[in-house]
Ligand SMILES: NC(=O)c1ccc[n+]([C@@H]2O[C@H](COP(=O)([O-])OP(=O)(O)OC[C@H]3O[C@@H](n4cnc5c(N)ncnc54)[C@H](OP(=O)(O)O)[C@@H]3O)[C@@H](O)[C@H]2O)c1
């Protein structure tokens with residue numbers, strides 16, 4: 001049985017659609033859920049599904065957050081601070097990302113930089129901004145996991161350099177793939193720096209999922225993905241720290 005009861009607060013970026021929204025939905029269907037589910041979206045007014053969930057579940061707090069804007073990130077930190085108070089933040093899920101399809105012929109400097117900004121730079125700076133709240137929570141627990149303090153960076157198997165070969169080399173996503181490889185490196189660097197403070201850092205591949213990003217041909221529904229992903233997140237311990245884990249709990253090669 002999924003048990004998030006020891007994770008008092010969780011923050012999910014890009015929670016207005018796709019996998020982020022399904023994380024919120026699935027957590028709300030779990031009896032042992034976090035007391036505070038902070039669902040962020042860059043345009044909450046347009047996030048009808050999320051707003052409907054928030055309306056019927058007081059534990060959902062919708063916060064405005066454009067992960068590429070420092071002003072928005074700083075405003076969100078202040079808003080979240082007043083939601084979590086002295087308990088701090090137990091779990092940050094950097095889920096928001098973009099994928100602009102481009103192959104060797106069509107890739108442009110602009111698309112490379114835009115994708116790097118959203119998928120790599122943004123999760124790093126969001127994490128840095130929320131560190132005081134993650135540290136607050138880390139200071140109140142022991143061991144490693146979402147019961148204490150954790151940063152989950154939603155990565156992709158397409159970021160694996162080793163697996164970019166043969167059949168797995170087929171998706172020619174010149175902008176997207178390297179942003180996830182770089183996010184993996186950032187996850188590992190964060191793991192090195194934050195280990196002593198007890199803040200768990202993991203890169204997670206959610207599977208190939210039928211969302212706006214994954215497309216209609218993908219292997220899994222959002223329900224199938226997130227019903228596997230959340231137990232994996234729930235079960236993370238110090239042995240997973242600094243790792244690259246898949247939705248089925250298996251370790252992926254860098
Ligand atoms: N779907 C897959 O097959 C798959 C596979 C591997 C990894 N992933 C990863 O899983 C995560 C979620 O993907 P998804 O399939 O759910 O994608 P999606 O359906 O395209 O949703 C992307 C989410 O990110 C948000 N976002 C993008 N840029 C943002 C910004 N600057 N500020 C705030 N929010 C922003 C979007 O908000 P707006 O609505 O405002 O644009 C949306 O909520 C991503 O990290 C993705 O790389 C997905």
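Between region 1-40 and region 183-254, what is the separation of their alpha carbon centroids in Å? Each part reduced to its Cα centre gives a spacing of 15 Å. Rounded to the nearest 0.05, the FRET efficiency derived from the C-beta distance between residue 29 and residue 108 at R0 = 45 Å is 0.60. Relative to the dominant Cα principal axis of the chain, helix 176-194 is inclined by about 40°. When shorter helices are ignored and each DSSP H run of at least 4 residues is given -39500 (n - 2.57), the per-residue value for the chain at 222 nm works out to -11500 deg cm²/dmol.
Please state, rounded to one decimal and in Å, the Kirkwood hydrodynamic radius that region 9-246 gives when every pair of distinct Cα atoms enters the mean of 1/r.
Final number for the Kirkwood radius of region 9-246 is 17.9 Å.
Please report, in whole Å³, the volume per residue of the convex hull around the C-alpha atoms of region 182-244. All intermediate terms of the calculation are to be shown ahead of the outcome.
Working: hull volume 5.4 nm³, N = 63.
It comes to 86 Å³ per residue, whole-number rounded.
Label-to-label distance, residue 161 versus residue 140, with points set 7 angstrom from Cα along the beta-carbon direction: 4.0 nm.
The length gained on full extension between residue 57 and residue 128, counted as 0.36 nm times the residue separation minus their Cα-Cα distance, comes to 22.6 nm.
Between residue 197 and residue 170, residue separation times 0.36 nm minus the direct Cα-Cα distance comes to 5.7 nm. Against the chain, whose longest principal axis is taken from its Cα atoms, helix 18-28 shows a tilt of about 30°. For the chain, a Gaussian network of Cα nodes joined below 10 Å ranks 38, 157, 100 by mean-square fluctuation, and the top entry is 100. Here the contact order of region 129-254, divided by its residue count and restricted to Cα pairs under 8 Å and six or more residues apart, works out to 30 percent. Shape summary of region 111-252, radius of gyration then Dmax from alpha carbon positions: 15.3, 47 Å. Computed from Cα positions, the angle between helix 70-84 and the longest principal axis of the chain comes to roughly 30 degrees.
FYI, it's all coordinate maths here, none of it is from the lab. Keep in mind that what you see is a predicted model, and the values were worked out from it rather than measured. Neighbour counts are summed over all protein chains in view; Cβ atoms, including those assigned to glycine, are modelled from backbone coordinates with ideal geometry.
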